[in-house]
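For reference, the structure is listed below as structure tokens.
No value in this document is a laboratory result; all are computed from the given coordinates. All values derive from a computational prediction rather than experimental measurement. Glycine also receives a Cβ, built like all others from the backbone with ideal geometry; neighbour counts cover every protein chain displayed.
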């Protein structure tokens, strides 16, 4: 804060940059003199019509890019929906009493809704495989 006050005291609020006298008085005229007198000559030719394949190429490239992204994402993340649950473990959990499941559920790192969703999907998978 003291530096700012010192600089203001030393140099003031005056703008140090100046334009030459009369610079903007004839600015438009000088600019118009630098522009060419005539517009660019028109060739009179109609633009070449694009072939169908040239119109389709960008769309094919874009579709290939998105397909590559999809497959690379699935390869990196993996497909968790294809893993089959062993029926022995499902039967073991379904045979457990509620008081036995309480300590197990306390140690799980998921909330009740996520557990419910997982169990309903597991039941649906088992029904589909039977």
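Extension gain, residue 110-residue 37: 0.36 nm per intervening residue step, less the Cα-Cα distance, totals 18.7 nm. With R₀ set to 35 Å, the beta-carbon distance separating residue 54 from residue 77 gives a calculated FRET efficiency near 0.45.
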